[in-house]
Amino acid sequence: MTRSALLLLVTAFAVALPATASAQTFAGGSIGTGTSSNPPGTSELGVHVHNGVVLVRGAAVIRCVGGRTSEVEGVGRGPLAADGTFSVTFSRGRLQPTTTPGFRRTVTVTGQVAGGEIRGRIDASAERGCRGGFAYVARVTPELGTTPAPPPAGATLIGKTSRVPGGPFALNLRVNASADAISHLVTGSRYSCRKLRPYQETNYSPPTPVRADGTFRKVERFRVRFSDVVDSMTITTTGRFLAGGAIGTWRAQSVSRSRRTGLVVDRCGTGQVTWSAAVL
């Protein structure tokens, strides 16, 4: 399967968010327990509420037999009840390129909207013995001050990036117990390309050291291999901790080279987005 053949779906699911006073956008998710960058129980969610309809987009990591994990992702919509509750099941369509295009999964997101926050649960299953269920939190853009602060040891922060088509998208992180590094950092975004249709992807970053002044910067470089191309990825994250949370920037870029000729066949990227995250 080629990379281009895997990107059939995105335009059908890219939703333009109405800029009206009645619309609300939330982002967040969860971070599971474990030392890997994407332990089971980790999720990245964007939720849009408008005119009694809830649209949920995101990705989650569930546990599989044999100690493996699987990422399940997608988008779905459903009605918002009078008490703020909802239940949304992801459609069969995919939002991101994958090396297993026939992989079947079922994802249901339930929750309740209460002011500027949603608390709920993700329940997912997939073929090959994969299953999981866990709680999540999504919020509107956090309002943080400007006072620098040390990283909160062991804390999980839930956040939202600046507005991007197809979003909202989250940036969630966890600080390690000694407060000198970010042990987990999960970000979703929309990638625009010169040739291929836009697609969405969730990135799980390796540990990121935090400087003594509470600032951090991480540049990741890795490759994703498809049957026709190799994508060389560069992801740059910056940030600083403030009282109650953290703020920063995030950017992803990819260069696709033909596996046959080695020539560049496409370039994709997110552009630079800003983010803010508050302590959970």
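Inspect the stretch 54-63 for any residue being open to solvent by less than 20 Å² (accessible area, probe 1.4 Å), part of a loop (DSSP other than H, G, I, E, B) and not aliphatic (A, V, I, L, M) and give the result as yes or no. Checked the stretch 54-63: no residue is open to solvent by less than 20 Å² (accessible area, probe 1.4 Å), part of a loop (DSSP other than H, G, I, E, B) and not aliphatic (A, V, I, L, M). Contact map, the stretch 51-70: first residue polar (S, T, N, Q), second residue open to solvent by 70 Å² or more (accessible area, probe 1.4 Å) and modelled with pLDDT of 95 or more, Cβ cut-off under 9 Å, separation 6 or more or different chains; pairs are THR69/ARG63; SER70/ARG63. Determine if the stretch 27-48 includes at least one residue that is more than 28 Å from THR208 (Cβ to Cβ), among the polar types (S, T, N, Q) and either at pLDDT below 95 or not in a loop (DSSP other than H, G, I, E, B) (or both). The answer is no; no qualifying residue exists.
Can you report the number of residues in the stretch 224-233 which are of a type in the set (Val, Ile, Thr) and open to solvent by 40 Å² or more (accessible area, probe 1.4 Å)? Even if it seems obvious, please write down each step before you answer.
If we filter the stretch 224-233 for residues that are of a type in the set (Val, Ile, Thr), which is where we start, we get 224, 229-230.
Checking which are open to solvent by 40 Å² or more (accessible area, probe 1.4 Å) leaves us with 224.
Number satisfying all stated conditions: 1.
Within the stretch 235-272, restricting attention to residues that are among the hydrophobic types (A, V, I, L, M, F, W, C) and farther than 30 Å from THR141 by Cα, which residue is least open to solvent (accessible area, probe 1.4 Å)?
From the stretch 235-272, those among the hydrophobic types (A, V, I, L, M, F, W, C) are 235, 241-243, 246-247, 250, 252, 255, 263-265, 268; that's our starting set.
Pick out the ones that are also farther than 30 Å from THR141 by Cα and you get 255, 263-265.
Numbers: VAL255: 36, LEU263: 112, VAL264: 58, VAL265: 53 Å².
Here the answer is VAL255.
Quick check, is THR215 closer than 22 Å to HIS48 by Cα and open to solvent by 30 Å² or more (accessible area, probe 1.4 Å)?
On the way: closer than 22 Å to HIS48 by Cα: no; open to solvent by 30 Å² or more (accessible area, probe 1.4 Å): yes.
Answer is no for this residue.
Can you confirm whether ARG240 is modelled with pLDDT of 95 or more and in contact with a Gly (Cβ under 6 Å, 6 or more places away or on another chain)? Taking the combined requirement at face value, the residue satisfies it. Among the residues of the stretch 109-127, those that are over 21 Å from THR69 (Cβ atoms) and buried (at least 19 other Cβ atoms within 10 Å of the Cβ) comprise GLY111, VAL113, ILE118, GLY120. The single condition among (1) β-branched (Val, Ile, Thr); (2) at pLDDT below 95; (3) over 19 Å from the mean Cα position of the chain (by Cα) that THR215 does not satisfy is (2).
Restrict the check to the stretch 5-23 and report whether at least one residue is modelled with pLDDT of 95 or more, closer than 24 Å to TYR199 by Cβ and among the hydrophobic types (A, V, I, L, M, F, W, C). Don't jump to the end; show me each part of the working.
Applying the first criterion (modelled with pLDDT of 95 or more) to the stretch 5-23 yields none.
No: the stretch 5-23 contains no residue that is modelled with pLDDT of 95 or more, closer than 24 Å to TYR199 by Cβ and among the hydrophobic types (A, V, I, L, M, F, W, C).
Let's see how each residue does on (1) open to solvent by 50 Å² or more (accessible area, probe 1.4 Å); (2) in a strand (DSSP E or B); (3) at pLDDT 95 or above:
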site: VAL72; (1), (2), (3): no, yes, no
site: ARG77; (1), (2), (3): yes, yes, yes
site: ASP83; (1), (2), (3): yes, no, yes
site: PHE86; (1), (2), (3): no, yes, yes
site: SER91; (1), (2), (3): no, no, no
site: THR99; (1), (2), (3): yes, no, no
site: PHE103; (1), (2), (3): no, no, no
site: VAL107; (1), (2), (3): no, yes, yes
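Per the listing GLU220, GLU201, the residue uniquely free of Cβ contacts under 8 Å to residues at least 40 places away in the same chain and either open to solvent by 10 Å² or more (accessible area, probe 1.4 Å) or on the phi > 0 side of the Ramachandran plot (or both) is GLU220. Scanning the stretch 170-193 for residues that are modelled with pLDDT under 95 and part of a loop (DSSP other than H, G, I, E, B) gives no hits. In the stretch 25-69, what residues are in contact with a Ser or Thr (Cβ under 8 Å, 6 or more places away or on another chain) and among the basic types (Lys, Arg)? Answer for the stretch 25-69, where residues must be in contact with a Ser or Thr (Cβ under 8 Å, 6 or more places away or on another chain) and among the basic types (Lys, Arg): just ARG63. Applying the criterion of being polar (S, T, N, Q) and outside any strand (DSSP E or B) to the residues of the stretch 128-161, the residue that is surrounded by the most Cβ atoms within 10 Å (Cβ to Cβ) is THR141.
Just one of the listed residues (THR270, THR234, THR187, THR249) is under 16 Å from the mean Cα position of the chain (by Cα) and free of Cβ contacts under 8 Å to residues at least 40 places away in the same chain, namely THR249.
Checked against (1) touching a residue at least 40 places away in the same chain (Cβ under 8 Å); (2) open to solvent by less than 40 Å² (accessible area, probe 1.4 Å); (3) in a strand (DSSP E or B), GLY167 meets all criteria but (3).
The values are calculated or read from the model by the stated rules, or taken from the named source; none is laboratory data. Note that the structure is a prediction, hence the values are computed from the model and not measured. Cβ atoms come from the backbone with ideal geometry, glycine included; neighbour counts cover every protein chain shown. Ligands, DNA and RNA are excluded from the accessible area calculation, which covers all protein heavy atoms including side chains. Shrake-Rupley method; radii C 1.70, N 1.55, O 1.52, S 1.80 Å.
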